[in-house]
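Reviewing the structure listed below.
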Amino acid sequence: MPFDPANLVFSREHEWVARDDADPNTATVGITDYAQGELGDVVYVDLPTVGAAVKQFETFGEVESVKSVSDLFSPVSGTVAEVNSGLEDKPELVNEDPYGEGWMLRVTIEDERELQSLLSHDEYQAFLTELSGGD
């Protein structure tokens, strides 16, 4: 189930959101290719349990790499419907396939209007260009 980054929306904290075609109230959340590259080799992912509440732009977990431990921020508010249990045994999937098998959460969205505050693919690419000093 790889997601096409061109069809996703993004947070400035480098998380992505994909709405479920079959159930638009559900979204899949992960971190971007840029984020996984900055982190380096991911060795552990700490995710919330199913049923936990997440709030937009608040911490929902941590990702630990050989370089550091970084907070994960939810791009939407809602209830955790599913976590990617495959990351327990293979956290490196975050590096290998950030827009596919490295997804982190499926969230039942509380307020779809929050999606409007996120960045389109083009806006996210422009944001990354700004971060790199405009190169």
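Overview of results
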item	result
Residue among 42, 76 that alone is within 16 Å of residue 93 (Cα to Cα) and out of contact with any Phe, Trp or Tyr (no Cβ under 8 Å at 6 or more places or on another chain)	42
Residues satisfying the stated conditions in region 108-135, i.e. in a helix (DSSP H, G or I) and in contact with a helix residue (DSSP H, G or I) (Cβ under 7 Å, 6 or more places away or on another chain)	121, 128
Residues (part of a strand (DSSP E or B) and among the hydrophobic types (A, V, I, L, M, F, W, C)) located in region 1-21	9, 10, 16, 17, 18
Residues within region 18-32 that are polar (S, T, N, Q) and open to solvent by 20 Å² or more (accessible area, probe 1.4 Å), tallied	1
Pair list, Cβ < 9 Å and 6+ apart or interchain, from region 114-135 residues that are touching a residue at least 12 places away in the same chain (Cβ under 8 Å) and more than 20 Å from residue 73 (Cβ to Cβ) to residues that are surrounded by 15 or more Cβ atoms within 10 Å (Cβ to Cβ) and of a type in the set (Lys, Arg)	none
Given (1) over 9 Å from the mean Cα position of the chain (by Cα); (2) crowded, with 16+ Cβ neighbours inside 10 Å, index of the condition residue 12 fails	(2)
Residue 3 of a type in the set (Phe, Trp, Tyr) and within 12 Å of residue 97 (Cα to Cα)	yes
Residues being closer than 21 Å to residue 40 by Cα and within 14 Å of the chain's Cα centre (by Cα) - total across region 75-90	2
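The values are calculated or read from the model by the stated rules, or taken from the named source; none is laboratory data. This is a predicted model, so every value here is computed, not measured. Please note: Cβ atoms are built from the backbone with ideal geometry, for glycine as well, and neighbour counts cover all protein chains shown. Each accessible area value is taken on the protein alone, full model and side chains, heavy atoms only, with ligands, DNA and RNA left out. Shrake-Rupley method; radii C 1.70, N 1.55, O 1.52, S 1.80 Å.
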